[in-house]
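As structure tokens, the structure follows; a few thoughts come after it.
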Amino acid sequence: MKPPIDLRVYFVTDRRLCARLGLVETVLSAVAGGATLVQLRDPDAKGRDMLEMARALVAALAPFNVPLIVNDRPDIARAAGAAGVHVGQDDAPAEVARAIMGPDAVIGLSITDPSQIADTPDDVVDHLGVGPVFGGGVKTDAKPAIGLDGLRACVAATRKPVVAIGGVTLANARDCVAAGAAGVAVVSAIAAQTDPGLAARELLRAVDEALVRRRM
């Protein structure tokens, strides 16, 4: 059975930013504070190292019932027992990720432009990571920011849940939810903070407040 996925505060790891406390410790702090989903992202890691990190996070997250998503590596995700995988437009196709992971895995897909949604395999993908919404994110190869208008266009073009990513901070998380996002995916807004748990807690509060306001 596919695990339930809560997209409200989606923490994406970064090796450099997590180095101060350590990967597992940073993730546990974030989850204790309110992060609802975790993605292991380390494009420079070797396969064996990535597998070890994924297995460590799966074990650490189990008591919290918070799923782990692995970026770009469905083979690693399956071997580690992760809940799913997130693939980009230039990664292995979502259909390949689904074939490797099986029907009960969670598959996320990056969308960097509203025009890409028409080609999204609805029967394969569970949610969309849309962005960068804002500039200033940690990715050095990020596409141009699509802004809140681009985020709204993506939300309007799909029935899949949308997660806003790219330059998302506590200051603009509410705006992303108001634009229709189911949640926000963040890196430095948690990992670069002195207290990742407090940062996650404040983000969750902001997202929840915006969700309530949107439903009124």
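Every read-out reported here was derived from the displayed coordinates using simple, explicitly stated rules and does not represent laboratory data. Everything numeric in this text was worked out from a predicted model, so none of it was measured. Using ideal geometry, Cβ is built from the backbone for each residue, glycine included, and neighbour counts are taken over all protein chains shown.
From its DSSP helices (H runs of at least four residues, each -39,500 (n - 2.57)), the chain gives a residue-normalised ellipticity at 222 nm of -11500 deg cm²/dmol. Between the range 151-216 and the range 61-80, what's the alpha-carbon centroid distance in Å? After rounding, the separation between the Cα centres reads 22 Å. Within the listed set V162, V12, V125, the Gaussian network model of the chain (springs between alpha-carbon atoms below 10 Å) gives the highest mean-square fluctuation for V125. Label separation (R48 vs R16): 2.6 nm, computed from points 7 Å beyond Cα along the C-beta direction. Magnitude of the charge dipole for the chain, about its Cα centre and with charges confined to Cβ atoms of Lys, Arg (+1) and Asp, Glu (-1), is about 460 debye. Taking Rh as the Kirkwood radius computed over C-alpha pairs, what is the Stokes-Einstein D of the range 102-195 at 10 °C in a medium of viscosity 1.306 mPa s, expressed in µm² per second? Stokes-Einstein gives a translational diffusion coefficient of 118 µm²/s.
Hey, what did the chain get for relative contact order, percent, Cα under 8 Å, at least 6 apart? Numbers along the way, then the final one.
Working: 447 pairs, mean separation 47.2, N = 216.
With pairs under 8 Å counted, the relative contact order is 22 percent.
Structure remark: mean-square fluctuation, Gaussian network model of the chain, C-alpha springs under 10 Å; the largest value among L203, L21, L128 belongs to L21.
How much net charge surrounds D91 when only the other residues with a Cβ under 11 Å from the Cβ of D91 are counted, with Lys and Arg +1 and Asp and Glu -1? Before the final figure, lay out each step's value.
Values: positive: R73; negative: D72, D90.
Within the 11 Å Cβ shell, the charges total -1.
Spin-label model, R205/D113: points 7 Å from Cα along the beta carbon direction are separated by 4.0 nm.
Averaging 1/r over each pair of different alpha-carbon atoms in the chain and inverting the result gives 16.9 Å, the Kirkwood hydrodynamic radius. Under a Gaussian network description of the chain, with springs only between Cα atoms under 10 Å, the residue in A199, A59, A82 that fluctuates furthest is A59. Convex hull volume of the Cα atoms of the range 19-123, normalised per residue: 117 Å³.
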